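J.: Starting off with a structure, shown below.
A short reminder: the numbers here are calculations on the coordinates, not readings from a lab. What you see is a predicted model, and the numbers here were worked out from it, not measured in a lab. Ideal geometry is used to build each Cβ from the backbone, glycine not excepted, and the neighbour counts take in all protein chains shown.
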Amino acid sequence: MSDLLEPYQVASHDKLDPSFVRDPSWTPYTAVVYVLAVNTDMVSLEDAPKTWLDLADPKWQGQIASARADNSGSAMQQLQTVLTVYGDEGWDKYTEMAKNFIFTDSSGAVPRYIADGEASMGLTLEDNAFEYINGGAPMGVILLSDGTVATPDGVALVKGGPNPDGGKVFLDWAMSKSTQELLANEIGRRAIHTEVAPPPGAPDLTTVTLVDVKPLDDFGGTEEVLAKWRTAIGE
């Protein structure tokens, strides 16, 4: 990306979580965490699945909402997580889980299904779940302990842009403690700034195994993965 982006070190660089700093050409903005969201009027957090393998329990048949991997980047990343964690057994494990899934057309629909009671739980992004939780939905979130993904999204300067000085001011603002607190408290995003607490009610990331998912090429590429995914879900 060096031909597109202009490296810039934000004023708060020394306060950023180094585990999310991947490339000098862009700055990690927030950590995107994948969770199991649960309708707590239907299933208590104590009784809900705690691992990916728990999702395959037949008692959850027709109760787990998931976006389609051929229509959602987050659903594809969830699939990659299973394949990364379980290696050669990954496809067999996912096939068993998928027997319990209700597939939605978009990742944004998953928390709506859960909040409306169309599914008792579902795989979604943490901030999507907190949008409903903060709106009063009877919902909680679980980090699946055998493999949780927390990936950074980013902000950057475009190389040769018309207003680089203004861009630097914006990046400094975006990564300031006050802005990162706003993102955590109002939007439910995990801050990259180390002096900012997680969103209220968010579970502790240190209690689970964080996974760096393998790229799609490691599993044969996008088309091969999607073909195997369609077979796994019975299409």
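J.: Looking only at region 133-149, which residues are crowded, with 19+ Cβ neighbours inside 10 Å, outside any loop (DSSP other than H, G, I, E, B) and out of contact with any Asp or Glu (no Cβ under 7 Å at 6 or more places or on another chain)?
T.: Once the filter is applied, which keeps residues that are crowded, with 19+ Cβ neighbours inside 10 Å, outside any loop (DSSP other than H, G, I, E, B) and out of contact with any Asp or Glu (no Cβ under 7 Å at 6 or more places or on another chain), region 133-149 yields ILE133, MET139, GLY140, ILE142, THR148.
J.: Taking the condition under 21 Å from LYS93 (Cβ atoms), crowded, with 18+ Cβ neighbours inside 10 Å and small (Gly, Ala, Ser), does ALA31 pass?
T.: In short, no.
J.: Restricting to region 42-59, name every residue that is farther than 20 Å from PRO203 by Cβ and outside any loop (DSSP other than H, G, I, E, B).
T.: ALA56, PRO58, LYS59
J.: Scan region 1-41 for residues that are of a type in the set (A, V, I, L, M, F, W, C), assigned to a strand (DSSP E or B) and within 23 Å of the chain's Cα centre (by Cα) and jot them down.
T.: LEU16, ALA31, VAL32, VAL33, VAL35, LEU36, ALA37, VAL38
J.: I've got another one for you. Among the residues of region 60-69, is any surrounded by fewer than 17 Cβ atoms within 10 Å (Cβ to Cβ), touching a residue at least 60 places away in the same chain (Cβ under 8 Å) and not in a helix (DSSP H, G or I)?
T.: no
J.: Restricting to region 18-53, count the residues that are charged (D, E, K, R), touching a Leu at 6+ places or on another chain (Cβ under 9 Å) and without any contact (Cβ under 8 Å) to a residue 12 or more places away in the chain.
T.: Final tally of qualifying residues: 0.
J.: Another question, then. Is it the case that ALA75 is in a loop (DSSP other than H, G, I, E, B), under 19 Å from the mean Cα position of the chain (by Cα), among the hydrophobic types (A, V, I, L, M, F, W, C) and buried (at least 18 other Cβ atoms within 10 Å of the Cβ)?
T.: So ALA75 does not fit the description; no.
A quick yes/no check of all residues on (1) within 22 Å of LEU53 (Cα to Cα); (2) part of a loop (DSSP other than H, G, I, E, B):
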site	(1), (2)
ARG112	no, no
GLY122	yes, no
GLY161	no, yes
GLY166	no, no
THR179	no, no
ALA184	no, no
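J.: Among the residues of region 174-192, which ones are loosely packed, with under 13 Cβ neighbours inside 10 Å and not acidic (Asp, Glu)?
T.: Answer for region 174-192, where residues must be loosely packed, with under 13 Cβ neighbours inside 10 Å and not acidic (Asp, Glu): just SER178.
J.: Say we look at region 78-98 and pick out the residues that are among the polar types (S, T, N, Q) and within 11 Å of VAL149 (Cβ to Cβ); which of these is surrounded by the fewest Cβ atoms within 10 Å (Cβ to Cβ)?
T.: THR84
J.: Let me ask something else. Take region 44-53 and flag every residue that is among the aliphatic types (A, V, I, L, M) and either closer than 21 Å to GLY87 by Cα or buried (at least 17 other Cβ atoms within 10 Å of the Cβ) (or both).
T.: If the condition is that a residue be among the aliphatic types (A, V, I, L, M) and either closer than 21 Å to GLY87 by Cα or buried (at least 17 other Cβ atoms within 10 Å of the Cβ) (or both), then ALA48, LEU53 are the ones that fit.
J.: Right, here's the next one. Pick from PRO203, PRO198: which is surrounded by 13 or more Cβ atoms within 10 Å (Cβ to Cβ), free of Cβ contacts under 8 Å to residues at least 24 places away in the same chain, of a type outside the set (S, T, N, Q) and part of a loop (DSSP other than H, G, I, E, B)?
T.: Exactly one residue qualifies, and that residue is PRO198.
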